[in-house]
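Encoded as structure tokens, the structure appears first; notes follow it.
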Amino acid sequence: MHYSDLVSQIKAKQSFLCVGLDIDEQKLPHHLKGTPNGVVDFAKAIIEATQPYAVSYKVNTAFFEARGVKGWEQLAEIIGLLNKHSGAPTFNIADAKRGDIGNTSNEYAKAFFEALPFDAITVAPYMGSDSISPFLKYPGKWAISLALTSNQGALDFQMQQLANGKFLFEEVLATTATWGTTENLMFVAGATRAEHIAKVRAAVPNHFLLVPGVGAQGGSLADVWNYGANENVGLLVNASRSILYASSGTDFAEAASIEAQLLQQEMAGYLAQMG
């Protein structure tokens, strides 16, 4: 999906919601837990229930990789479901956080852009440009580089202040942004550090930001919008647990739909401010 297509979908749906598919087998509704196709059935119902309100889905691959061959088969089924959209296409992200020496990253890129045809993959930039460049060679595909994450451990390195007065994450951003363009490179900026999103936006004014941490982690959508939006919106705001596990009963899909719609309605209000 190209930049202009993503912006068009945001405007059409009046939403910049990304639904996170972090599917924990232990948290499945009781009637699906332990069933042969429980994970895929759950994912299918969530996707169908939220698709009117979401422009993107982020599949956390760890929850599938942990299940071995069965998990990879489930992952393939789910990306198949996401790509067989009945209406507007969604922007589908493999949250895999890859990043290794060039020839290894080449194989990761094949895995997540060819064998499993995602639109984007999250990457870690620590090993430098040659670890990210293989993901940037696919037209219409995206690398989403970690910039400022929402976990407590982010304080260990990302928030370290350098001699020039900048935080380490700002230096990483400035360098990483030179490796790609607004058409193939996004950045992760955690909602629980909303006041710092302004620094991320200042460093990459035209790039899209993927923002986790809204919902169960307590991040504020209003703060994300105020600090992070640009003239093309430039945001994909992810919510996972608050939508996936809105109910543990047979009405889980309906509850997920309600949660997604509430976020979409709030987003539509912000989009209306743009005129």
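Side notes on the structure shown:
- Among (1) touching a residue at least 60 places away in the same chain (Cβ under 8 Å); (2) over 23 Å from L17 (Cα atoms) - the single one R98 does not satisfy: (1)
- Close pairs from the stretch 35-48: first of a type in the set (A, V, I, L, M, F, W, C), partner part of a helix (DSSP H, G or I), Cβ under 6 Å, at least 6 apart: V39/Q74; V40/Q74; V40/E77; A43/I78; A45/A253; I46/A256; I47/L81
- Residue check for G234: modelled with pLDDT under 95 and in contact with a strand residue (DSSP E or B) (Cβ under 9 Å, 6 or more places away or on another chain): no
- Residue satisfying condition, being under 20 Å from A94 (Cα atoms), hydrophobic (A, V, I, L, M, F, W, C) and surrounded by 21 or more Cβ atoms within 10 Å (Cβ to Cβ), within set I144, I197: I144
- All positions within the stretch 241-262 that are more than 14 Å from C18 (Cα to Cα) and either of a type in the set (V, I, T) or surrounded by fewer than 16 Cβ atoms within 10 Å (Cβ to Cβ) (or both): S247, S248, G249, T250, D251, E254, I258
- Residue within the stretch 103-123 that is modelled with pLDDT under 95 and either touching a Gly at 6+ places or on another chain (Cβ under 9 Å) or not in a helix (DSSP H, G or I) (or both) present: no
- Among (1) surrounded by fewer than 17 Cβ atoms within 10 Å (Cβ to Cβ); (2) out of contact with any helix residue (DSSP H, G or I) (no Cβ under 6 Å at 6 or more places or on another chain), the one test that N238 misses: (1)
- Any hit, the stretch 88-95, residues being in contact (Cβ under 8 Å) with a residue 12 or more places away in the chain, over 17 Å from K137 (Cα atoms), acidic (D, E) and surrounded by 13 or more Cβ atoms within 10 Å (Cβ to Cβ): yes
- Subset of the stretch 200-240 [charged (D, E, K, R) and more than 23 Å from D119 (Cβ to Cβ)]: D223
- Which listed residue is farther than 24 Å from L262 by Cβ, modelled with pLDDT of 90 or more and within 14 Å of the chain's Cα centre (by Cα), from A143, A174: A143
- Residue ranges of helices (runs of 4 or more DSSP H) in the stretch 1-83 with at least 1 members buried (at least 18 other Cβ atoms within 10 Å of the Cβ), among the charged types (D, E, K, R) and more than 14 Å from the chain's Cα centre (by Cα): 3-13
The values are calculated or read from the model by the stated rules, or taken from the named source; none is laboratory data. Here the structure is a predicted model, which means the values were calculated and not measured. Here Cβ is always computed from backbone atoms with ideal geometry, including for glycine, and neighbour counts include all displayed protein chains.
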